[in-house]
Structure formats: C-alpha cells, structure tokens
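**Student:** The structure is given below, and queries will be raised subsequently.
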Ligand SMILES: Nc1ncnc2c1ncn2[C@@H]1O[C@H](COP(=O)(O)OP(=O)(O)OP(=O)(O)O)[C@@H](O)[C@H]1O
Ligand SMILES: [Mg+2]
C-alpha cells in the first residue's frame, strides 16, 4: 500500500483530508509543521506528500530539498490561489497543486494517478527482481547484457505515452516486446490490437485502421469502427510499418498529430486516445531512402526507438530460451524430456538467422522427435545434427534382435569416430554415460 504524508497546520483541515486520502487506499501520517514532516520523512519515505504552502516554521516548498522526486510525488495545497506560486512550484518539481477549499473530485484524480504510478513501479521492481533470479522480464526470457538494456528501455518508456519504434531482425521478439510495453502501461486494461501491415491488402488497411461509414464505398454496407476506435484507451501495434501504403502513412501521421480520426466517408472527426507502437525488420532509414517510409512519419514514430539484438548477440540466452520453451512443452504435454549437454552445445554454436522464432520451432521439432532425452540426433543437420562423420553404412538383417542392432550401430559409429567416445555419443544422440554403460554391457573398454 502506498504511503502518504499530509502536512497542514490547520487541524480542522488536516484530519478530514488525511481520512479521505486513507479511504482512497493509502496509509497516511500527518504533521502540522515542517519540522514534524522532516522527522516523518526520515523514518519512512512517502509516495505522496500533500503539503500546505505556508507552515508556522517555513514554506511547504522548502521540503522539496529533502525529497527524491523520482519516488515521492509532491502536491501543494494553497489557500492563497495564485498562479505565480503554482507555476513557480511546478518548476521546482511539485507534480500538482490543489486550492482550498478542496475540490474533492480533483483530489481523487490526483490520488488515482499516484496509485497507478505506484502500482506500475512496484510491478517493474518485481520484474527486475525476477530478472536477477530467473533471467526473465515478464514473458521475455533472457539475462544477457544486450537484453538487460532492452528491459531498462521498456521499464522507462512503458509508463509514458510515447510512440515506440521497434526494430530488429525477424523473430527477435518485437511483438512480444510491444505486448510487454502495453502490459506495463496505464493502458493495460484496455485492448492491445496488433495489425500486420504486410499481411493484409493495402486497400483494406485504411478501413481496418480508421473505419468507414456505411455506403462510403461499394461493399461498405454497414458502418465499421476501425482499430483506432476499437483500441480506445489502449495500444495499437503496427507491424511491418514500411509495408503500409505511402498515402496511408500521411493519414496515419495526421491521426497521431491531431489525436483524432476520420472514418472513410465520414464527416466528423472522432477523438482518439491510443498509443502506437510500430515495428519494422528493415532499417527505417533505408526504408526512407527506398521510398517505403515517409520521413515525417519516421520522425513521429521514433520518439522512442528500441532495437532488439539478434539472438547470436545474446550469449547464454540461447540455453535459457531453449530450456524455457522445453519447459512450456513439457508442461503442456505432461512430459519430462530433457535436453542433452551436447544438443545445447550445438545450439549455442549455431548462428540463428531466424532468431528466437527459429529456436522455438527447433525445440518444438526436437521435442516431438525425442523420447526422453533430446540429443543431437533430434537436431536438424544445419545445427550439427546426427550426420555420421563419413558416409559409411551398416547392413542390418531383418530378424536380428533390436539389442543386436543397437550394439552393431554403436560399435560401428565408435569405430567411424576413430574411437572418440564423446564424439560417438554425440553422433548417436546419447549421453556419454549411456555409451559407457553400453560398452560395459558389451564387456568392452
Ligand atoms: N525473449 C523472448 N522470450 C521468450 N519468447 C520469445 C522471446 N523473444 C521472442 N519470443 C518468441 O519467439 C516468437 C517470435 O517472436 P515475435 O513474433 O515477437 O518476433 P518478431 O520480432 O515480431 O518477428 P517478425 O519480425 O518475424 O514478425 C514468438 O513466439 C515469441 O513469443
Ligand atoms: Mg512480428
């Protein structure tokens, strides 16, 4: 629960106000002088201070020096409503001011904003703690330095309304990051609507985004509300923004600049309260020089640019991600399959041109192929799968026992690997320990 400190020397005002604040979901303490307020701040940092402008031992604003503006919101209360004081106060780091007599509705708005900011901050703190413990940030997995930078950027931009431009190769997690930004914003209760500009026909994008009035074109037999209307209060994710037709980019820019939208065939503009997150797997500057993206739109979109590193720059995250996807599959299927060291090592060496998506699909594929251990044999050849060192083959007669076939394959592989047991185990897709056990059973060294 967030904590509020209420400071006023008028007890008739102070106590009812403190009660009101408490009812809105804060724990409160009260002080009637600067001195008392300082003592209380020393013992517990409040998330919110409501403070009278004039106190017996000084000015409320003097308290600002004792506070960290990133953790405490200061709201000034003044009986002497003067624009000058208020402006001066806002410049000094006060977040808002209220005048006496109090407008209860305004007070409630101020309190709600503080509560919301507090909840989001707590959530980000929890995520950071989780990151240190498990190497994940919400539904994003990865503990590498490159990903920590991404998490920091998300934490910074999520609570704001800034437009975000996500770049990064295909499969690096742009959509997942967009969802995370939405989930950590004040818009989280409202819709998150993704639209892939490359996947729907250019002629449809306009009506999908902005909506249309009945009869505005052939086939428009009823009024259609576009994404901007349907996402009210939420976030629109415009994937592959460079695939949006050039003329539409002008319209989009206008919507962003004016915060209003006009349906196709419509006469009245409608107000929109939507945050836009856009993504592209091309270099936006290149797209501008190739005439795929309007420069003015790019500037509007990249208020906050965020680049996702390719998987090959994320070091050990490959293993974390592989284990994460495997755990998801095990959970869904009620299995307990494990990845062998050798398989993980091969994955670590791969370049991953398809990034996290390629890794996810590969784990899924290997999961299906494997019984209990997911070994090198379950990986495709380009990851260094079960290609024998030479093209040698083995003739197995139908009628022989499985154990016999097993033994002959193991021995042939071992000999093909020049007696290198580790290599043979890798090729066979079994653990070194299993190979030793077999050799022991065959009474071989
Ligand atoms: N850091 C991550 N942790 C967990 N899962 C991830 C991570 N990054 C990506 N994924 C998963 O990988 C897949 C691909 O991610 P996503 O669709 O977000 O990529 P993208 O960058 O939007 O790709 P494209 O440019 O091809 O659209 C998704 O299933 C996503 O859930
Ligand atoms: Mg995508």
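**Student:** Can you name the condition, by its number, that residue 155 falls short on among (1) without any contact (Cβ under 8 Å) to a residue 40 or more places away in the chain; (2) more than 16 Å from ligand 2 (Cβ to nearest atom); (3) farther than 19 Å from residue 124 by Cα?
**Tutor:** Answer for residue 155: the failing condition is (3).
**Student:** Does region 173-186 contain any residue that is away from ligand 1 (no atom under 16 Å from the Cβ) and free of Cβ contacts under 8 Å to residues at least 60 places away in the same chain?
**Tutor:** no
**Student:** Can you list residue pairs whose Cβ atoms sit under 8 Å apart, with the first residue in region 352-364 being modelled with pLDDT under 95 and the second being assigned to a helix (DSSP H, G or I) and within 14 Å of ligand 2 (Cβ to nearest atom)? Count only pairs 6 or more apart in sequence or on different chains.
**Tutor:** From region 352-364, the pairs are 352/358.
**Student:** Starting from region 37-62, keep only residues that are in contact (Cβ under 8 Å) with a residue 60 or more places away in the chain, then list their pairs with residues that are surrounded by fewer than 22 Cβ atoms within 10 Å (Cβ to Cβ) whose Cβ atoms are within a distance under 6 Å, requiring at least 6 positions of separation or different chains.
**Tutor:** Between residues of region 37-62 that are in contact (Cβ under 8 Å) with a residue 60 or more places away in the chain and residues that are surrounded by fewer than 22 Cβ atoms within 10 Å (Cβ to Cβ), the close pairs are 47/2; 47/3; 47/118.
**Student:** Let me ask you something else. Please determine whether any residue of region 13-23 is surrounded by fewer than 14 Cβ atoms within 10 Å (Cβ to Cβ), without any contact (Cβ under 8 Å) to a residue 40 or more places away in the chain, more than 28 Å from residue 123 (Cβ to Cβ) and touching a helix residue (DSSP H, G or I) at 6+ places or on another chain (Cβ under 9 Å).
**Tutor:** Among the residues of region 13-23, not one is surrounded by fewer than 14 Cβ atoms within 10 Å (Cβ to Cβ), without any contact (Cβ under 8 Å) to a residue 40 or more places away in the chain, more than 28 Å from residue 123 (Cβ to Cβ) and touching a helix residue (DSSP H, G or I) at 6+ places or on another chain (Cβ under 9 Å), which makes the answer no.
**Student:** Based on what the data block shows, is residue 68 without any contact (Cβ under 8 Å) to a residue 24 or more places away in the chain and within 26 Å of residue 186 (Cα to Cα)?
**Tutor:** Against the criterion (without any contact (Cβ under 8 Å) to a residue 24 or more places away in the chain and within 26 Å of residue 186 (Cα to Cα)), residue 68 qualifies.
**Student:** Spot the failing condition for residue 199; the list is (1) within 16 Å of ligand 2 (Cβ to nearest atom); (2) farther than 18 Å from residue 176 by Cβ; (3) assigned to a loop (DSSP other than H, G, I, E, B), and only one is missed.
**Tutor:** Result: residue 199 passes all but (2).
**Student:** Okay, moving on. Looking at 269, 260 in this structure, which one is more than 16 Å from ligand 2 (Cβ to nearest atom), at pLDDT 90 or above, over 22 Å from residue 164 (Cβ atoms) and in the same structural domain as residue 216 (by TED's automatic domain parsing)?
**Tutor:** 269
**Student:** Please determine, by comparing only the residues of region 138-150 that are closer than 21 Å to residue 359 by Cα and part of a helix (DSSP H, G or I), which one is nearest to ligand 2 (Cβ to nearest atom).
**Tutor:** Filtering first and then ranking leaves 150.
**Student:** Mind listing just one residue for me: the one in region 266-292 that is assigned to a strand (DSSP E or B) and in contact (Cβ under 8 Å) with a residue 60 or more places away in the chain and, of those, nearest to residue 187 (Cα to Cα)?
**Tutor:** Top of the filtered list is 275.
**Student:** In addition: Has region 168-189 got any residue that is more than 16 Å from ligand 2 (Cβ to nearest atom), under 16 Å from the mean Cα position of the chain (by Cα) and assigned to a helix (DSSP H, G or I)?
**Tutor:** Within region 168-189, one or more residues are more than 16 Å from ligand 2 (Cβ to nearest atom), under 16 Å from the mean Cα position of the chain (by Cα) and assigned to a helix (DSSP H, G or I).
**Student:** Applying the selection to region 373-402, what residues are at pLDDT 85 or above and under 20 Å from residue 435 (Cα atoms)?
**Tutor:** Those that are at pLDDT 85 or above and under 20 Å from residue 435 (Cα atoms): 373, 374, 375, 376, 377, 378, 379, 401, 402.
**Student:** May I ask you to verify whether residue 295 is without any contact (Cβ under 8 Å) to a residue 60 or more places away in the chain, more than 16 Å from residue 150 (Cα to Cα), within 15 Å of ligand 1 (Cβ to nearest atom) and touching a helix residue (DSSP H, G or I) at 6+ places or on another chain (Cβ under 7 Å)?
**Tutor:** no
The values are calculated or read from the model by the stated rules, or taken from the named source; none is laboratory data. Just so you know, these numbers come straight off a predicted model, no measurement behind them. A quick note on method: Cβ atoms are made from the backbone with ideal geometry, for glycine too, and the neighbour counts reach across all protein chains shown.
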